Each structure stands twice: as structure tokens, then as C-alpha cells.
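S.K.: Can you keep this structure in mind? I'll have questions shortly.
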């Protein structure tokens with residue numbers, strides 16, 4: 001009982017909803033207002049993004065784009081699959097939440113830009129980089 005009352009992350013227990021697809025160790029799939037890093041399990045390249053949606057919904061969008069690149073020609077993940085994993089099945093990925101509970105759009109965008117500058121993700125497009133880095137330059 002003491003652990004339940006003193007934990008600051010009671011609502012982030014292990015996930016049963018997505019069969020562990022995104023929640024490894026702690027429940028992150030329902031978090032909103034996040035800045036996150038995705039690592040491609042196929043090649044190790046990374047992507048940094050932000051969302052106000054439940055994280056699971058945004059990650060499902062990335063997964064659909066990887067599975068059907070022709071339907072999302074201007075997005076980062078289809079481009080990544082086409083360039084790096086052309087004759088392979090869609091790669092899986094792991095996700096790590098870098099910042100959470102950011103309810104204001106500008107705050108998320110600035111934190112995303114800081115993480116992009118800090119980590120230099122390979123999957124983000126040049127246009128994305130230009131847009132977000134302009135917020136902190």
C-alpha cells in the first residue's frame with residue numbers, strides 16, 4: 001500500500017493494451033504531450049518527434065507509414081524504409097520518451113528542437129530539421 005501511495009507514476013505500470021509493442025518496462029503508450037525518440041531496430045538510425053496525441057496513436061501512424069511507404073511519400077519513415085530497407089519487410093522500432101506532459105505546442109516544439117540538435121537523428125528530414133531548429137536558433 002505504501003508503494004501505491006508514494007509512487008508518482010502509478011498510472012504508468014506495465015502495459016497490457018498493446019501487447020508490449022511500445023511499452024517495454026513502463027506504460028508509455030497512453031502518455032500525451034511527449035517528445036520521443038524512435039530507434040530503427042533494422043539499422044539503428046534514430047528519429048525524434050513530438051505529439052499531443054496518445055503516444056500509441058502517433059507510433060501506430062509511423063508503423064503504417066513504414067508498412068505502406070507509397071501512401072506517405074513526403075514523410076520521414078517511408079523515405080527511410082525506401083532508402084535503407086528497400087527489399088526487406090518493414091523494420092520494427094523501439095521508442096523512448098524523452099519528455100512528457102508537455103501540454104503547450106510551442107513547449108513541445110522547442111524541446112523537440114533541442115533534442116534534435118543534441119542527438120542528430122538520421123531519419124528526420126532536412127525540412128523537419130530546418131523548421132524545428134529555427135525555433136531555437
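Each value in this text was obtained by applying a stated rule to the coordinates, not by laboratory testing. Note that the coordinates shown come from a computational prediction; the quantities given were computed from them, not determined experimentally. Note that each Cβ is placed from the backbone with ideal geometry, even for glycine, and that neighbours are counted across all protein chains shown.
S.K.: Find the eigenvalues of the gyration tensor of the Cα atoms of region 26-133, then list the square roots of 5 times those eigenvalues as equivalent ellipsoid semi-axes, largest first, in whole angstrom.
M.R.: 22, 16, 12
S.K.: Continuing with this model, one more query. Taking 0.36 nm per residue of separation and subtracting the Cα-Cα distance, what length does fully extending residue 79 through residue 57 add?
M.R.: Value of the extension gain: 5.9 nm.
S.K.: Run the quick spin-label model on residue 70 and residue 126: label points 7 Å from Cα toward the beta carbon, then report their separation in nm to one decimal.
M.R.: Placing both labels 7 Å along Cα→Cβ, they lie 2.7 nm apart.
S.K.: Relative contact order of region 26-133, please, whole-number percent, based on alpha carbon pairs below 8 angstrom and at least 6 residues apart. Please report the intermediate quantities before stating the final value.
M.R.: Details: 167 pairs, mean separation 39.4, N = 108.
The value is 36 percent.
S.K.: Treat the count of other C-beta atoms within 10 Å as a stand-in for reagent exposure and order 71, 76 from fewest to most.
M.R.: Details: 71 10, 76 20.
In increasing order of surrounding Cβ atoms, one gets 71, 76.
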